[in-house]
Amino acid sequence: MCGIIAYRGRKKTAGNLVLTGLKKLEYRGYDSWGVAVNDGESISVCKKTGKIGELNIADLKLPRASLAMAHSRWATHGGVTQKNAHPHMSSQGKIVVIHNGIIENYLELKKKLVKKGHTFHSETDTEVATNLIEEELTLALKKARQSEVSRELLLHAVQSALAQLEGRYAFLVMAEGCDALVAARRGSPLIVGVGEKGEYFVASDIPAFRKYTEHVMYLDDEELVIIDDKGAEFIDMRTQKLLKKRIIKITWKSDDAEKGDFPHFMIKEIMEQKETIQRAINQEPRLIQRAAAMINKAFGTYFVGCGTAGKVSMVGNYLFSKIAHKHINVEFGSEFPNFRHFIKKGSLLLAISQSGETADTLEAMEVAREKGAKLMTLVNVEGSSMDRMADLSIYLNAGPEKAVASTKATTAQMTLLTLLAYACADRLDEGRKLLIETAAKINDMLNPRYEAHIRAIAKKIDKVESMYVIGRGMNYPMALEAAIKLQEVSYIHAEGFAGGELKHGPLALISKGTPCIALVANDETRAEIISNATEVKARGAYVIGVGPQNEDVFDEWIRVPDVGNASPIVTTIPVQILAYHLALLRKNNPDMPRNLAKSVTVK
Ligand code: F6R
């Protein structure tokens, strides 16, 4: 969940460079930050609580050096304090570590290290790794009867320590008196950027160094890289074999990850849906057909995702039922392991994700793989863990999504699921035609007048304590998704219901003036959802209708195009805009909701 970046190269401004990169990762973790600068002799560490975005880097006056690493933290073990911020230095100051992930056996290791005389200053699990590496290094130095830390001894110490750790991690390690950088990965992403003339970056996310290079090498689980004057040497930690890595060129531009003229990433990404839906459709038809053949052949297909991607999986269920007459099992990543008994060799798991790094979805993939199932993913981040794990990946091609609240990745996922459902029914051309028309209509819909109309509605409801969203059929999961969007950026209590469920309990929540959004599709569910809207209105609700035509029951109407089976793609967009404006009216930062972070890499 945290942001990690390191630099080793020729520039002597490594400290400033990594902090500049870290600012690009602010959306990943933002309660504190820190930097370590290594000039080959000593390592200086500076860390603070607060947002890295607010830092004036020049004020820090960091020492000149060509090796540095930085981290922005999203607290898991221990509160938000300067001491708990990374990097962490070992008791004797020999080792400095940055870590993302969780060390499960840290308490047990800590006890042993305390007995050996190590002291601890933070509440983090990371400090245990830092001291364990120091312990291993001290032993190795003694054994080699030397006082200087060579790259071989550092490598040995890191590997011996990591072998004792349980859990998932990404580590960056530096040692006093040594100008090498070691990075290791098990379950948490790390990517190596290849710059000019022996210059390397290591980061948890490409935007951190995209400004400097478009060439990357991916580190896989149980792999380590050591970077020094010899270049970058990759090692398989299980076999100790050297690995040859392919340099891959990134397809998106550095500007794609910037806000441009927009005040926030969230609204920029909402507006980008004018193009991203079209980009999602522009897939190689043969890839879609191959994926559809896998689904048609599978003995049990499972759609799995978390949060918004979990709701998209539910939409997929309706789409496949309606278009392809096919049953799909749907689970949240965190719940999937409960159903492992049903997974067989012929089963298929489709992991749906923006980041490709969500720990619960990854665990579901691991469980399915152990049972011999095939793995497929709909994912935005190429080279992510899900992409690397899957037998077949379909990319969303939405470009970097930086606001914590998912918007353009969500509609790209639904677009691809619609395409896949049509392909499974052997009606791919019909599906493509529908989606191309939908993309064109969304392009017309997303204009300043449309946004202003929704903002005016937001102004009427920005003081409410609770609001509800109802939908039926394909728009039922969209009601659940709408509630997530409203909760996470406006902090208003919001809940989504299936229209038909209202009478079975939720109706009791409606009182005079309670906003209730009705998502309406012009299909077989229309009459019934209008009837549900009438039920809430009769109890005093303020009904905001999102649909292709104005209905008598609506107090407010947000028009969406009539696009048949693509209805969930269009009904979600006005709610994204509403959530965004409610956040602004309530003085919340929509890009960085409290308590949340983009890319949930911990369970
Ligand atoms: C909500 C949101 C989250 C993510 C969830 C899964 O707007 O963005 O609920 O959908 O954390 O993330 P990914 O898609 O990266 O697996």
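The values are calculated or read from the model by the stated rules, or taken from the named source; none is laboratory data. This one's a predicted model, so the numbers in the text were calculated from it and none came from an experiment. All Cβ positions, glycine included, derive from the backbone under ideal geometry; neighbour counts span all protein chains shown.
Where residues in the stretch 100-127 are under 24 Å from Leu141 (Cα atoms) and within 27 Å of the chain's Cα centre (by Cα), which of them is surrounded by the fewest Cβ atoms within 10 Å (Cβ to Cβ)?
Among them, the one singled out is Thr126.
Just to check your reading of the model, which residue among Lys94, Lys110 is free of Cβ contacts under 8 Å to residues at least 40 places away in the same chain, assigned by TED's automatic domain parsing to the domain that holds Ala203 and basic (Lys, Arg)?
On inspection, the qualifying residue turns out to be Lys110.
What's the total number of residues in the stretch 350-373 that are of a type in the set (Gly, Ala, Ser) and either within 9 Å of the ligand (Cβ to nearest atom) or under 14 Å from Gly310 (Cα atoms) (or both)?
Going through the stretch 350-373 one residue at a time, the tally reaches 6.
Among the residues of the stretch 188-211, how many are among the hydroxyl-bearing types (Ser, Thr, Tyr) and either surrounded by fewer than 20 Cβ atoms within 10 Å (Cβ to Cβ) or not in a loop (DSSP other than H, G, I, E, B) (or both)?
Number satisfying all stated conditions: 1.
For the stretch 381-427: of the residues being in a loop (DSSP other than H, G, I, E, B) and touching a strand residue (DSSP E or B) at 6+ places or on another chain (Cβ under 7 Å), which is surrounded by the fewest Cβ atoms within 10 Å (Cβ to Cβ)?
Step by step, filter the stretch 381-427, then rank; the result is Asp391.
Suppose we filter Phe332, Phe342 for residues that are aromatic (Phe, Trp, Tyr) and within 23 Å of the chain's Cα centre (by Cα); which single one remains?
Residue meeting the stated conditions: Phe332.
Please pick out the residue among Ser511, Ser567, Ser531 that is surrounded by fewer than 17 Cβ atoms within 10 Å (Cβ to Cβ), assigned to a helix (DSSP H, G or I), away from the ligand (no atom under 15 Å from the Cβ) and among the polar types (S, T, N, Q).
Ser531
Please go through (1) within 29 Å of Ala597 (Cβ to Cβ); (2) of a type outside the set (S, T, N, Q); (3) more than 14 Å from the ligand (Cβ to nearest atom); (4) modelled with pLDDT of 95 or more for Cys424 and return the number of the only condition it doesn't satisfy.
Among (1) within 29 Å of Ala597 (Cβ to Cβ); (2) of a type outside the set (S, T, N, Q); (3) more than 14 Å from the ligand (Cβ to nearest atom); (4) modelled with pLDDT of 95 or more, the lone unmet condition for Cys424 is (1).
Can Glu481 be described as crowded, with 21+ Cβ neighbours inside 10 Å, within 25 Å of Asp562 (Cβ to Cβ) and charged (D, E, K, R)?
Against the criterion (crowded, with 21+ Cβ neighbours inside 10 Å, within 25 Å of Asp562 (Cβ to Cβ) and charged (D, E, K, R)), Glu481 qualifies.
For the stretch 133-145, check the following and say yes or no: at least one residue is under 26 Å from Leu25 (Cβ atoms), touching a residue at least 40 places away in the same chain (Cβ under 8 Å) and either touching a helix residue (DSSP H, G or I) at 6+ places or on another chain (Cβ under 7 Å) or part of a loop (DSSP other than H, G, I, E, B) (or both).
Yes, the stretch 133-145 contains a residue that is under 26 Å from Leu25 (Cβ atoms), touching a residue at least 40 places away in the same chain (Cβ under 8 Å) and either touching a helix residue (DSSP H, G or I) at 6+ places or on another chain (Cβ under 7 Å) or part of a loop (DSSP other than H, G, I, E, B) (or both).
Quick one: which of Lys344, Lys297 is among the basic types (Lys, Arg) and either modelled with pLDDT under 95 or within 16 Å of the ligand (Cβ to nearest atom) (or both)?
From the options Lys344, Lys297, the qualifying one is Lys344.
Can you pull out every residue in the stretch 360-380 that is part of a loop (DSSP other than H, G, I, E, B) and under 16 Å from Phe339 (Cβ atoms)?
Once the filter is applied, which keeps residues that are part of a loop (DSSP other than H, G, I, E, B) and under 16 Å from Phe339 (Cβ atoms), the stretch 360-380 yields Lys371, Gly372, Ala373.
Give the stretch 443-465 a look and list any residue that's surrounded by 15 or more Cβ atoms within 10 Å (Cβ to Cβ) and closer than 18 Å to Pro506 by Cα, or say none.
Across the stretch 443-465, the qualifying residue is only Val464.
Would you confirm, using the coordinates I've provided, whether Ala494 is touching a strand residue (DSSP E or B) at 6+ places or on another chain (Cβ under 6 Å) and modelled with pLDDT of 95 or more?
Judged against the criteria, Ala494 is a match.
Scan the stretch 479-494 and give yes if some residue there is β-branched (Val, Ile, Thr) and either outside any helix (DSSP H, G or I) or without any contact (Cβ under 8 Å) to a residue 40 or more places away in the chain (or both), otherwise no.
Yes, the stretch 479-494 contains at least one residue that is β-branched (Val, Ile, Thr) and either outside any helix (DSSP H, G or I) or without any contact (Cβ under 8 Å) to a residue 40 or more places away in the chain (or both).
Looking only at strands (runs of 3 or more DSSP E) that fall completely inside the stretch 278-359, which ones have 2 or more residues that are aliphatic (A, V, I, L, M) and buried (at least 24 other Cβ atoms within 10 Å of the Cβ)?
In the stretch 278-359, 348-353 are the strands (runs of 3 or more DSSP E) which contain 2 or more residues that are aliphatic (A, V, I, L, M) and buried (at least 24 other Cβ atoms within 10 Å of the Cβ).
For the stretch 534-547, what are the residues that are surrounded by 18 or more Cβ atoms within 10 Å (Cβ to Cβ) and not charged (D, E, K, R)?
Residues satisfying the conditions are Val536, Ala541, Tyr542, Val543, Ile544, Gly545, Val546, Gly547.
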